[in-house]
Structure formats: structure tokens, C-alpha cells
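Just so you know, all these numbers are worked out from the coordinates, no wet-lab data involved. This is a predicted model, so every value here is computed, not measured. All Cβ positions, even for glycine, are placed from backbone atoms using ideal geometry, and neighbour counts span all protein chains on display.
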Amino acid sequence: MKLKYSILFVPVLALALALLFIGESGLSNDAVLVNELRLPKVMACLFAGGLLAVSGLLMQIFFQNPLAGPDILGISSGSSLFVALWMMAGAGLSPFVQEWGMNAMSFFGAISVFLLLLFFLKRNVSRVSLIIIGLLISSFASSGISVLVSMSQALQLKNFLVWSMGSFRNITQAELPRFLVFSILSIFPVWFFLKPLNQFLLSENYAKSVGVNVKKMRMVFVTIAAFQISIVTLYCGPIGFIGIISPHLARLYLRRAQLTHLLPAAFLVGSFLALLTEMILVMTPTLSISVNAILGLIGAPIIVLYLYRQRSLSL
């Protein structure tokens, strides 16, 4: 197992180091350039990719749905809608109030969608129906954002459009410590709940049969995953596909489901995908490709292959 982690860790470390010294302008080890521009970008890739992967894994366990993910179930869209609402409405407030208001609204948007999905889940909707509901939530959020954009002023519109495209380059050196603190705080509690999470991994009924307080654990999982998604959405904008495909790639690589092994592997896979995407952007500076466009090209075929493989196993 240590060898497998080492094999997984090496490409993550290699890409992170490469991105510190390679940019659109070429190879450079200028201290100012590395510290102020490239280091925040690399740390954003490492932690944002990892957070999306862990939150996607928690959602797949909690909803008992292999296609659950922050973007598929509309949670990222809900967070984006509330952030957009605050960006448009709070333009005249002080920078401090704007910043912490965006933090709160991002989390509130994510947890609101989670609770809505939980309401439908308790009504015993099917996996497919839950995904359809998530897509409808995303559509509703997109429509709401479009209305807000049409009502906004030029500067507000520009700021929001830049943010909404999704990027690991949005974090400044001044924001980096706060982003890292929030990221670590959102990951740390997961390790205290590995046992009930492993029991949820089998089924909610099994977790209930062995004495897990299902209602309490449900709220804990919802809060942790919503916090993780809101952090990434707030600082990097809506990022797709990493949350849904990273847990599957980690399972495929490890060939085991214990969360003590699966969680760190999923985190590393998510970090690798984010770093790989950023490296593609660095190597193609003239093409103006977005992060989500590259992740879509990577993620969509993986989801299709997964569905085909599941179909083949069920026959």
C-alpha cells in the first residue's frame, strides 16, 4: 500500500514543482514571480482539487449514488448563485464585510442545496431522480445568475464573469493563508468520523443497525461537505468533474474501499487532476481554454466508461 501511495504522490509532487518554475512566459525561478503568482496557484490546485475529491467521495457515500458530485447534484451551482447574489447586492459595502459575506453566502448556498436534496432523499426518490433534481437545481441557479447579471453594473458584471469561469489562479498571496486554514479545517474533522463513514459506505441501514446515530452523522457529513465545496467555489469559482471522477479513479487504483486508504488517495487524485489541468493551460497560453473545458474533456469520457463498465458487470 505504501508503494501505491508513493506512485500516486510522485506525479503530484512533480507537477507541483514544475508549475512553480514554469509559466506562460517560460522557465523562471524569479523569487517574486514564484512567491506571488505561482505558489498561490499551486497551493490552490493541491487543496481545491483535493477538497472537491473528498467532498465528492462523502456525497457518494452519503447519497449511496456513484454519480453524486458537487457539480452533478447542483451544490456548486447553489453556492455560485448565493455568491453572485452577494457580489451584486453588496458592492457598496466595505471590503471586510464583502469578503466575509461571500464566505457565509457560499456556505449557505451549498448547504441549502444539500438540505433540499436530503428532503427528496428522505422521500425515497431513486438515484436517477436525484440526479435529475440536481440538474434542475443547476438550471434554476444558472437562470437566477443570468437574471442577476442582466441587472448588474459593468464592474460587478466583469468581476463576476471572471470568477464564474472557474480558475485556480484567483487566489492572491494575501488570501492564501486564509484559504489554507479553511481547507485544513474542512478536512481535519473527517478523520474523526472514519468508523461511521465506513459503516455508511455499506448502507445507511447497516450503520443504523450497529448503533450509529444516523441523524447526527447525516448533519455532520452534510456540514463538512458543504463547507469544503463552499471554500473551493468561493476562492476558485465553480469547478466541475473533479468531485465525481476522483473517488472512482482512486477506487480503481487501490482496488479496495476502506476509507483510511481511499480518502487520502482520492485527495491526491483530485490534486493531480487540478495540477494537470493547470499544466495544460500553462503549456497552451495562446488558446484561452478554461479550466472547466479541460476537465470536461477529461471527465466526461471517464464517466461514460464507468457507466459502461457498470452495465457490463450487471449483465
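A few notes on this one:
- Relative packing of 269-281, 235-247, 36-48, 123-135, which averages over residues the other C-beta atoms within 10 Å, highest first: 235-247, 269-281, 36-48, 123-135
- Label of the coordinate-derived value, Cα extents along the principal axes in Å, listed as (i) 60, 47, 34; (ii) 55, 41, 31; (iii) 56, 48, 36: (iii)
- When each of I302, I72 is scored by the number of other beta-carbon atoms lying within 10 Å, the sequence from fewest to most is I302, I72.
- Residue-span extension gain [E36 to S150] - 0.36 nm each, minus C-alpha spacing: 37.6 nm
- Nearest-0.05 FRET efficiency for L202 and S129, computed from C-beta distance (R0 30 Å): 0.85
- If you count Lys pairs in region 2-314 whose Cα atoms are under 22 Å apart, skipping same-chain pairs closer than 8 places in sequence, the total is 9.
- With contacts taken as Cα pairs under 8 Å at a separation of at least 6 residues, the chain carries a relative contact order of 33 percent.
- Gain on full stretching of the segment that runs from Q310 to V210 - 0.36 nm per residue minus C-alpha separation: 33.1 nm
- Here's how it looks for G23: its modeled amide H is under 5 Å from those of S28, which are all 5 or more places away or on a different chain.
- Look at where the Cα atoms of region 188-232 and of region 71-118 average out, and the two centres are 23 Å apart.
- By the helix-only formula, in which each DSSP H run with n ≥ 4 contributes -39500 (n - 2.57) and the sum is divided by residues, the chain has a 222 nm mean residue ellipticity of -25500 deg cm²/dmol.
- Of the DSSP H helices in the chain, those with a Cα length along their own long axis of 24 Å or more and a mean Kyte-Doolittle hydropathy reaching -0.5 comprise 2-21, 39-62, 95-122, 127-151, 214-236, 259-283, 291-314.
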